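Visitor: The structure under discussion is supplied below as structure tokens; questions concerning it will follow.
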């Protein structure tokens, strides 16, 4: 792969959307090199929204297909960053 593909995924209701998102992340697991999850958490709060950053690996079309599939889930928005070498 001659490009770095990073997907940023915003999930507006993690509890409600977790099963659908996790199903896709598992399906595309061999194309995910790095996964970082961010959400608000504290002593009195566990925020309902979250962001997942994915560093992709493999065929570009397959990597971008994950973003397309994630965008089909209500309350989930995936955006792409593609860096050439």
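Visitor: Among what's in segment 28-50 and is modelled with pLDDT of 95 or more and within 17 Å of residue 76 (Cα to Cα), pick the residue that is surrounded by the fewest Cβ atoms within 10 Å (Cβ to Cβ).
Guide: Only one residue tops the list, namely 36.
Visitor: Going through segment 34-78 one residue at a time, which ones are in contact with a helix residue (DSSP H, G or I) (Cβ under 6 Å, 6 or more places away or on another chain) and farther than 16 Å from residue 13 by Cβ?
Guide: 56, 57, 58, 62, 63, 69
Visitor: In segment 34-57, how many are over 11 Å from the mean Cα position of the chain (by Cα) and either in a helix (DSSP H, G or I) or within 18 Å of residue 82 (Cα to Cα) (or both)?
Guide: The qualifying residues number 1.
Visitor: Would you point out the residue of segment 9-33, among those that are touching a helix residue (DSSP H, G or I) at 6+ places or on another chain (Cβ under 9 Å) and in a strand (DSSP E or B), that is nearest to residue 56 (Cα to Cα)?
Guide: 32
The values are calculated or read from the model by the stated rules, or taken from the named source; none is laboratory data. These figures come from a predicted structure and were not determined experimentally. For neighbour counting, all protein chains shown are included, and Cβ atoms are generated from backbone atoms with ideal geometry for every residue, glycine included.
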